[in-house]
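Data first, discussion second: the structure below is written as structure tokens.
The values are calculated or read from the model by the stated rules, or taken from the named source; none is laboratory data. What you see is a predicted model; the values in this text were computed from it and never measured. Positions of Cβ are generated from backbone atoms using ideal geometry, with glycine treated the same way; all protein chains shown enter the neighbour counts.
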Amino acid sequence: MSLLLRGKTVCHLCGEVIGLDDAAQQFPPGLFDSGGPVAHLNDSSIHSTCLDALPEAAYVRVLLDDYVRGRDGELPRRRFTAVVTTDGASERVTLVAVYRYEAMALLRETYGENSVVDLTDVEAAHRPR
Ligand SMILES: [Zn+2]
């Protein structure tokens, strides 16, 4: 699952930055068939409003919902929000993972061992925002 850096990450559909308080969706790599109409959404982040405007919005939400609930006996995933501070600069990040330690590990891998990670919020990833 891609990291969403609020205030930095650009929406894959409209090209605008996803703001601190914008409702957004993130997609893991390989969620959609590579030859299908929404293959371009794989491993991307988009505004929820931009998703709503897609003709395939309902289909996309069903697949994403299956993914976060956990298909075939997989564990459900949760959305984590974190503030990561590296060299005095802070970023707000959201990501989807099964476990808290998994989210921490991904953030440490991305920002380095010297970053300070404050996981501030956890919610069920399938809950609409
Ligand atoms: Zn957008």
Q: Within region 75-82, identify whether any single residue is modelled with pLDDT of 90 or more, touching an Asp or Glu at 6+ places or on another chain (Cβ under 9 Å) and more than 19 Å from ASP43 (Cα to Cα), and answer yes or no.
A: yes
Q.
Out of the residues in region 9-43 meeting the condition of being within 12 Å of GLU56 (Cβ to Cβ) and more than 14 Å from the chain's Cα centre (by Cα), tell me which one is surrounded by the most Cβ atoms within 10 Å (Cβ to Cβ).
A. PHE32
Q: Go through (1) more than 16 Å from the ligand (Cβ to nearest atom); (2) more than 19 Å from THR120 (Cα to Cα) one by one and return the number of the condition ARG92 breaks.
A: (2)
Q) of a type outside the set (A, V, I, L, M, F, W, C), under 19 Å from LYS8 (Cβ atoms) and surrounded by 14 or more Cβ atoms within 10 Å (Cβ to Cβ), is that true of ARG79? A) yes
(Q) Residue pairs, Cβ under 7 Å, 6 or more apart or interchain, first in region 10-22 and within 13 Å of VAL93 (Cα to Cα) and touching a residue at least 12 places away in the same chain (Cβ under 8 Å), second more than 8 Å from the ligand (Cβ to nearest atom) and part of a strand (DSSP E or B). List them. (A) ILE18/LEU4; ILE18/ARG6; ILE18/ALA24; ILE18/SER45; GLY19/ARG6; LEU20/ARG6; LEU20/ARG92
